[in-house]
Protein chains: 2
Amino acid sequence: MSVSATLAANEIIAARRAAGQDVLALAFGEAGLPVHPALIGQLAASAGEANYGPVAGIGSARDAVAGYWTRRELTTGAEQVLLGPGSKSLLYATLHSLQGDVAIPQPSWVSYAAQIELLGRKAITVPTLPGEGGVTDPQALEQTLRDQPGITAVVATLPDNPTGTIASKQTVEKLAEVARRHELVIVSDEIYRDLVFDQSNVVSPAQWAPERTVVTTSLSKNLALGGWRIGAARFPGSPLGQKLRAAVASAASEMWSAPVMPMQHAAAYAWSDPTELVERVGQSRQLHAAVARAVAGVFAQHGAAIQEPQGGFYVYPDFEMFRERLEERWGIEDSAGLAQVLLDDFNVGVLPGSAFGAPTGTLTARVATSQLYGNGTEQRLAALESADPVKLPWIEEKLSRLDSVLEDFLR
Amino acid sequence: MSVSATLAANEIIAARRAAGQDVLALAFGEAGLPVHPALIGQLAASAGEANYGPVAGIGSARDAVAGYWTRRELTTGAEQVLLGPGSKSLLYATLHSLQGDVAIPQPSWVSYAAQIELLGRKAITVPTLPGEGGVTDPQALEQTLRDQPGITAVVATLPDNPTGTIASKQTVEKLAEVARRHELVIVSDEIYRDLVFDQSNVVSPAQWAPERTVVTTSLSKNLALGGWRIGAARFPGSPLGQKLRAAVASAASEMWSAPVMPMQHAAAYAWSDPTELVERVGQSRQLHAAVARAVAGVFAQHGAAIQEPQGGFYVYPDFEMFRERLEERWGIEDSAGLAQVLLDDFNVGVLPGSAFGAPTGTLTARVATSQLYGNGTEQRLAALESADPVKLPWIEEKLSRLDSVLEDFLR
């Protein structure tokens, strides 16, 4: 086991930069935006709060989270909510409590499979439908369930990391049916939900299988608070959901005690959707959309297969049609080789598809487009406020650099 | 599995208080002191820091932690240090990486056994020597290792929770010898280290078995920052230690990503031992000593067996000599019954010895003396600054209430 691929790439790139290299870092899944001043104020005002507090989170934070989901068409009571130090920890504790093996989409976020392995269970990858990353193809899932006993849960990511797409309502509805038929719990990671570019595309399995869907979120992506480590989980109100929440709370009390107290106070504010933060999330969504689309355009222009990005800040190009050329010129045989050559020969950092469990030999990469917004708070704020961010000189320059790199790489 | 006993008791007592009951809450292991203003300032100043940062912690925080231990006679390099969201999470990830079963002292902190069970391993309890809680009797440990294969580690708590005592240098040295002979890793939880009343009694197995001892600490107890969730682990510089640290960092990256960023900045300051915080810890130590001794005195006066407290803020009375009387009058047969009667009939909250794995039937309880410092910041600060805190009216009143309760309870 090595350190989480995405965090490891971040550290390698930081070391290269420290050594004076000009790396175009597109590996790390960080929102790349400054913290809203109102949030800084909230945290500063709560700095003196240092009690452990309840395992599930303080009442005001759980109320706010319940309101957050209720306003998003998932009616939620505070008693369904559990806060934790990031949704990663909540996912780990939830998977722990689910006992059995877990079906996950292929590809999917690096940590699902890794967590399941740490728990001594099996992560069973199931393909997704074309352009619908993050949700296992319901028919393929059904087949897998017939072939492999012992699966108790299926993970979904809506919208998806790494592909930047979101599954259709029909697919999610079918996933819900399969889950119900086979008594699976659905773990729906909706950390990028607020960053779906067209919010009418938002969809959650909790709409169709409310009795068996655990939804997780956090403030790491929509409000760029990754380092604050504050996440929340929504458990079903059903007897199954109540049992599961109790088990996760029990595990949480032994794994991390309680969510971080000062962050809970700030999160109570953030999850209440105050106007200024709703505006900030709206601006972020537009920026992510504009830049992700521009980056996808650059890859498409050079002939890589790429899906239209629909949410978050990732694109996932596939270089399959360049296989012969890439092998001949660079000795590339798989996505790891692809990412290595881009880093070694072009100083461009991306993550290989293999880090996300893509089938061996595919020539895919995940590109975090949020890394293009600029250096420092000033450039990033300008990007956030720009009506046409891809025309900002520092973003245009990086897009153009990417263009040149691909020109040379795929020659 | 229920929620961690100590956190659960906290929540029950909070609910009784909310219902208007006047509970003498002596269950929860919180330092009961306000946050030092300098720490509030540090956190407020770092509120805008929201990058994920390195898994192991930022350089300044790791340097500060290395300095903290080096100044305490455990020379440490920053490359040996890993920060995490509380030492509980670091202990969990460390126990995870140790693979096998784990020997723990009997009694010992509630979460060791619970974590080991969550990991699907066996927690094997080993008695301690009289008055030397927190360290397994080396001879008994050796016998256990002969009887039970598969033990790869032994946990020690220095000073101890629940007993408030600290093992002698000789015992710790012998523990180190046994660990080396049997190739065990020692996990030494030293979260209360700075709160050993006579600092010349401080001892760590890392002094005698540096190649195999992992030490954990946090700011939760010495600086009363439980809700901030910031802890640190010190791994051996040996090849074994390097391998273990890499495994824990890998697990950490999948379990919690990275320590909480704003807290890391404040922790870099705290672990550098600035004069004002050294003074604050010194004051806290004196207050904890004075009140723990006074509480122990009350129990002793009524005839309970109790060890002289040596560190932290707990005492651990044993009512064995009242067994017949307690059974006859209250129907008490074990420590759970003891705690229940104290709560139901006297509104006094303590934790039963059984929560700490004490043998079935013992009549022990853990009493958190830090809960007596007063209500609100003003009383607690006054307690902290008092030359004779047990004479403060609100502390004296609670000691006297405890005295009356015991008078009636043991009549």
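Considering segment B:143-249, the qualifying strands (runs of 3 or more DSSP E), each wholly inside and each with 1 or more residues that are among the polar types (S, T, N, Q), within 14 Å of chain A (Cβ to nearest Cβ) and touching a helix residue (DSSP H, G or I) at 6+ places or on another chain (Cβ under 6 Å), run over B:213-218.
So, A:E132, is that one without any contact (Cβ under 8 Å) to a residue 40 or more places away in the chain and either more than 11 Å from chain B (Cβ to nearest Cβ) or closer than 19 Å to A:S250 by Cβ (or both) or not?
yes
Note on segment B:82-103: residues that are of a type in the set (A, V, I, L, M) and surrounded by fewer than 24 Cβ atoms within 10 Å (Cβ to Cβ) total 1.
To keep it simple, each residue is scored yes or no on (1) touching a Cys at 6+ places or on another chain (Cβ under 6 Å); (2) farther than 30 Å from A:A45 by Cα; (3) surrounded by fewer than 19 Cβ atoms within 10 Å (Cβ to Cβ).
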site	(1), (2), (3)
B:S204	no, yes, no
B:E211	no, yes, yes
B:G237	no, yes, yes
B:L244	no, yes, no
B:M263	no, no, no
B:S272	no, no, yes
B:A296	no, yes, no
B:I306	no, yes, no
B:Q310	no, yes, no
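Looking at B:R71, is it at pLDDT 95 or above and away from every other protein chain (no Cβ under 14 Å)? When the stated conditions are applied, B:R71 passes them. In segment A:47-60, the residues that are more than 7 Å from chain B (Cβ to nearest Cβ) form Cβ pairs under 7 Å with partners that are buried (at least 21 other Cβ atoms within 10 Å of the Cβ) and part of a loop (DSSP other than H, G, I, E, B), at six or more places apart or across chains, as follows: A:G57/A:P259. Each residue in segment A:31-46 was checked for being within 7 Å of chain B (Cβ to nearest Cβ), more than 25 Å from A:A368 (Cβ to Cβ) and surrounded by fewer than 23 Cβ atoms within 10 Å (Cβ to Cβ), and 1 of them qualify. Out of the residues in segment B:334-347 that are surrounded by fewer than 23 Cβ atoms within 10 Å (Cβ to Cβ) and either hydrophobic (A, V, I, L, M, F, W, C) or within 18 Å of B:L24 (Cβ to Cβ) (or both), state the one that is nearest to the chain's Cα centre (by Cα). Of everything passing the filter in segment B:334-347, B:A336 is nearest to the chain's Cα centre (by Cα). Scanning segment A:179-202 for residues that are among the basic types (K, R) and either surrounded by 22 or more Cβ atoms within 10 Å (Cβ to Cβ) or closer than 24 Å to A:P34 by Cα (or both) yields one hit, A:R193.
Quick check on segment B:306-314. Is at least one of its residues of a type in the set (S, T, Y) and either assigned to a helix (DSSP H, G or I) or in contact with a helix residue (DSSP H, G or I) (Cβ under 6 Å, 6 or more places away or on another chain) (or both)? No: zero hits.
If you go through segment B:19-30 and pick out every residue that is touching a strand residue (DSSP E or B) at 6+ places or on another chain (Cβ under 9 Å) and more than 14 Å from every other protein chain (Cβ to nearest Cβ), you end up with 3. So which residues in segment B:68-81 are closer than 22 Å to B:S253 by Cα and either buried (at least 22 other Cβ atoms within 10 Å of the Cβ) or in contact with a Cys (Cβ under 6 Å, 6 or more places away or on another chain) (or both), if there are any at all? Residues satisfying the conditions are B:Q80, B:V81.
Summed over segment B:77-110, the residues that are away from every other protein chain (no Cβ under 14 Å), among the polar types (S, T, N, Q) and in a helix (DSSP H, G or I) give a count of 1.
The rows are residues; the columns are (1) touching a residue at least 40 places away in the same chain (Cβ under 8 Å); (2) at negative phi; (3) β-branched (V, I, T).
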| position | (1), (2), (3) |
| --- | --- |
| A:V65 | yes, yes, yes |
| A:Y68 | yes, yes, no |
| A:A78 | no, yes, no |
| A:T125 | yes, yes, yes |
| A:D137 | no, yes, no |
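Within the option set A:A113, A:A140, being within 14 Å of chain B (Cβ to nearest Cβ) and surrounded by fewer than 24 Cβ atoms within 10 Å (Cβ to Cβ) holds for one residue only, A:A113.
Per-residue answers, yes or no, for (1) in a loop (DSSP other than H, G, I, E, B); (2) under 30 Å from A:P37 (Cβ atoms); (3) at pLDDT 95 or above; (4) among the hydroxyl-bearing types (S, T, Y):
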residue	(1), (2), (3), (4)
A:Q283	no, yes, yes, no
A:A290	no, yes, yes, no
A:R293	no, yes, yes, no
A:G297	no, no, yes, no
A:E324	no, no, yes, no
A:E328	no, no, yes, no
A:E333	yes, no, yes, no
A:A339	no, no, no, no
A:L343	no, no, no, no
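Which of the residues belonging to segment B:357-408 are under 28 Å from B:P105 (Cβ atoms) and part of a helix (DSSP H, G or I)? Within segment B:357-408, B:T369, B:S370, B:Q371, B:L372, B:L402, B:L406 qualify.
For segment A:250-260, what are the residues that are assigned to a loop (DSSP other than H, G, I, E, B) and of a type outside the set (A, V, I, L, M)?
Start the filter on segment A:250-260 by keeping residues that are assigned to a loop (DSSP other than H, G, I, E, B), which leaves A:256-260.
The answer is A:W256, A:S257, A:P259.
Of all positions in segment B:90-104, at least one carries a residue that is touching a residue at least 24 places away in the same chain (Cβ under 8 Å) and in contact with a Phe, Trp or Tyr (Cβ under 7 Å, 6 or more places away or on another chain). For segment A:47-67, the tally of residues that are surrounded by 22 or more Cβ atoms within 10 Å (Cβ to Cβ) and outside any loop (DSSP other than H, G, I, E, B) stands at 4. If only residues of segment A:250-261 that are within 7 Å of chain B (Cβ to nearest Cβ) and over 16 Å from B:S111 (Cβ atoms) are counted, the one that is surrounded by the fewest Cβ atoms within 10 Å (Cβ to Cβ) is A:M261.
The condition of being on the phi > 0 side of the Ramachandran plot and without any contact (Cβ under 8 Å) to a residue 40 or more places away in the chain holds for only one of B:G331, B:G312, B:G227, that being B:G331.
The values are calculated or read from the model by the stated rules, or taken from the named source; none is laboratory data. Remember, predicted model here, so these are calculated numbers, not experimental data. Neighbour counts are summed over all protein chains in view; Cβ atoms, including those assigned to glycine, are modelled from backbone coordinates with ideal geometry.
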